[in-house]
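Asker: Before I ask anything, here is the structure I am working with.
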Amino acid sequence: MDDSKINIILEKCTGCTLCVRICPFGAIKIENKKAIIDLSKCNLCGACVDSCKFAAIVVDKGSVAKKDLSAYKDVWVFCEQKKGVIQTISFELLGEGKKLANKLGGKLCAVLLGDKIEPKVDELVWRGADKVYLVDAPELKNYQDDPYTKVLVELVKEYKPEVILCGATVIGRSLISRVAITIDAGLTADCTGLDIDEKERLLLQTRPAFGGNIMATIITPNHRPQMSTVRHKVMKEPELNKSHKAEVIKKKYSNNILSSRTRIIDIVEEIEETINLSEADIIVSGGRGIGGPENFSHIKELAKVLGAAVGASRATVDAGWIPYSHQVGQTGKTVCPKLYIACGISGQIQHLIGMQSSKVILAINKDPDAPIFKVATYGIVGDIFEIIPALTKEFKKILKK
Amino acid sequence: MHIIVCIKQVPNTTDVKIDPVKNTLIREGVESIINPFDTYAIEEAVRLKERFTGKVTVVTMGPPQAESALKEAISLGCDEGILVSDRKFAGSDTWATSYTLSCAIKKIGAFDIILCGKQASDGDTAQVGPGISTHLDIPQVTYVKKIEEIKGGLARVERMMEEGYDIVETPIPCLFTVVKEINTPRLPSLKGMMRAKAAKIVQWTAADINSEPKNIGLDGSPTRVVKIFTPAPRKGGEMLKGDAAELAQKVGDLLKDIII
């Protein structure tokens, strides 16, 4: 054996190839009837260890002395606001955070940073927060990396949460990465499932990788807080309870903490439909099959009736038919709405990666062999110029518009 | 101007197929490519060099075969490639990866701008860019879609937000992560390909970059993967038939509960 963290015990290995098949990274091969691990590909995930029926693979996952982590309590939700409006992802996280807090026997705490934002505290309390950490300062009006990071780091150092949840949004991902590095905490991105190992007090964080082709469950054994960013629309918003009460802790910080190296010159709003793609319950998307930029009007009309956001395939964005902010897929946005209507989208893997976790997918395409039908809940082979107007009319009738 | 680009070699997703019987990823014959988002970072770095003159250094952490990604970056206009590679890095999460890259950048020396793709297509975390800027204690702007100007030690950029964009000004040195909208990457030129062929890639180990053993690889990673599984693939559902009016009515019935 050498100094690597994973080893095959050659006497026990029978060359049965179970590990080769289970390895998600293609890092194991069999030579001379013995398994060999390519360490440049191995991620030390341990999938092979569990698969081996002969206990021939050992992985050293680091046996550092367990730190005393008992000072860390409560589940925090970083509540994102833009222009003083709490973003819906924050409500979804409060709903999920409550469940985790109950399992850990801790409190659910909301963290709110902004300028003259105090009137919004109730919205968080009504959605289950037992405690609200409120930092109100002109410097925190709009998101900036430096002051937001420093304030959150100060709060964490003082109050020691066990878990922090944050939306996997532009702001969330930028902020929470900096916080995790600064306080030496573990961070798992873009989770779609959270649970608690009650015995070990561990947050079990499940997330997709390879565009959802594999799922990984990740823990943070020896660092606190345990931090996750969570995808939009995966967790349920809790019911409003206007009689719920909470303790509000108002904190003030010095100029040093609130200072920023970067400066916002302007905030420009761009999306015509004003519906944020990641937050939308329904998305109507157009692909190359719609024929030309002018035909996005059909898509937009259908979207308008449904109160839906407009999505697009990469091909239409690259062709300049619609701005990039509408692009769904690998190099665009990943979405999981309740309903995704794909019009004239063939369903290249890069597009599927971005939308295949939608709850219901309706695909309309003239090509019966289009790959989109392999993931669609309902498929229609036909002319989108006949079907979309008919759908628009039908939905208008149902919605009495 | 000295620009550093951080890139990652990833499997080409278009090649990744699922074994329909075992429901596992088939990786045999999957080509390695530069992470798609990093190609925009490379292009932007080369454009900055063309705008302001200077040098582009491209760095990656990965196995020895990641050298080919660096050579490709050189063929696209980068000047120097550095491969940070050591078996001790195995099992790195985003904390340890961003620490390792920040150590390599410190060794590279003075720079003006670091560019990263917004995220890698295999992990999708978007955490390594912000991690590097935090380890180096420099300002960052993420999701940059345009570098408007760089003048007098300040850069003015557009940061893509969910509803539009912010115009942000930052002192340099700083780090940007970039989105697809920032540019259209060029193809390698013949001259570039010849330069790449001749280029000598610098190789650094964990010791070369003065990294602390407790901060790299699995030991430097607060997170642990405890389970990996392949979700059941989504199956195609019902194909609806009929003329447009009949179809609309069927769809209306099926989706009524969702849309109301």
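Every number here is computed from the coordinates shown, using simple stated rules; none is lab data. Here the structure is a predicted model, which is why all the values come from computation and not from measurement. Quick reminder, even Gly has a Cβ in these numbers, built from the backbone with ideal geometry, and neighbours come from all protein chains shown.
Asker: Starting with the fewest neighbours, write out A:Ser313, A:Ser358 ranked by other beta-carbon atoms found within 10 Å of each beta-carbon.
Answerer: Ranked by crowding around the Cβ, least crowded first: A:Ser358, A:Ser313.
Asker: How far is the Cα center of region B:108-122 from the Cα center of region A:255-316, in Å?
Answerer: 27
Asker: Any number yet on Rg/Rh for region A:180-246, C-alpha, Kirkwood?
Answerer: 1.05
Asker: Relative to the Cα centre, what is the charge dipole magnitude of region B:42-81, using +1 at the beta carbon of each Lys and Arg, -1 at the beta carbon of each Asp and Glu, and rounding to the nearest 20 debye?
Answerer: In total the dipole reaches around 120 debye.
Asker: While we're looking at this one, here's another question. Cysteines without a disulfide-compatible partner in chain A, using Cβ under 4.7 Å as the rule?
Answerer: Isolated Cys, chain A: A:Cys13, A:Cys16, A:Cys23, A:Cys42, A:Cys45, A:Cys52, A:Cys79, A:Cys109, A:Cys166, A:Cys191, A:Cys336, A:Cys343.
Asker: Give B:Lys55/B:Lys145; A:Lys333/A:Lys374; A:Lys300/B:Lys146; A:Lys150/A:Lys333; A:Lys107/A:Lys245 a once-over and call out the pairs whose C-alpha atoms are over 19 Å from each other.
Answerer: The pairs that break the limit, which is 19 Å between Cα atoms, are B:Lys55/B:Lys145; A:Lys333/A:Lys374; A:Lys300/B:Lys146; A:Lys150/A:Lys333.
Asker: Dipole magnitude of region A:75-258 about its Cα centre, charges +1 at Lys/Arg Cβ and -1 at Asp/Glu Cβ only, in debye to the nearest 20?
Answerer: 160
Asker: Report Rg (one decimal) and Dmax (nearest whole number) for region A:4-72, counting Cα atoms only, units Å.
Answerer: 14.2, 52
Asker: Can you give the charge dipole size of the protein assembly as shown about its Cα centre, rounded to the nearest 20 debye, using +1 on the beta carbon of Lys and Arg and -1 on the beta carbon of Asp and Glu?
Answerer: With Lys and Arg at +1 and Asp and Glu at -1, about 820 debye.
Asker: Strictly greater than 27 Å: what percent of every Cα pair in chain A meets that?
Answerer: 60
Asker: Only bridges with both residues in the protein assembly as shown count here: give the DSSP antiparallel percent, nearest 5.
Answerer: Beta bridges within the protein assembly as shown, antiparallel portion: roughly 40 percent.
Asker: Counting pairs of alpha carbon atoms under 8 Å apart in space and at least six apart in sequence, what relative contact order in percent does chain B give?
Answerer: 23
Asker: How high is the relative contact order of region B:106-260, in percent, with contacts defined as C-alpha pairs under 8 Å that are six or more residues apart?
Answerer: 18
Asker: Pick out which of B:Phe229, B:Phe89, B:Phe111 has the largest mean-square fluctuation in a Gaussian network model of chain B, springs linking Cα atoms closer than 10 Å.
Answerer: B:Phe229
Asker: Using the Cα atoms of region A:277-398 to build a convex hull, what is its mean projected area in square nanometres?
Answerer: Answer in nm², one decimal: 6.3.
Asker: Next up: What whole-number distance in Å separates the alpha-carbon centres of region B:174-205 and region B:209-260?
Answerer: 33
Asker: Something else about it: My understanding is that a pair violates if its Cα-Cα distance is over 19 Å; which of A:Lys83/A:Lys116; A:Lys29/B:Lys71; A:Lys73/A:Lys157; B:Lys106/B:Lys180; A:Lys359/B:Lys235; A:Lys34/B:Lys88 do that in this structure?
Answerer: A:Lys29/B:Lys71; B:Lys106/B:Lys180; A:Lys34/B:Lys88
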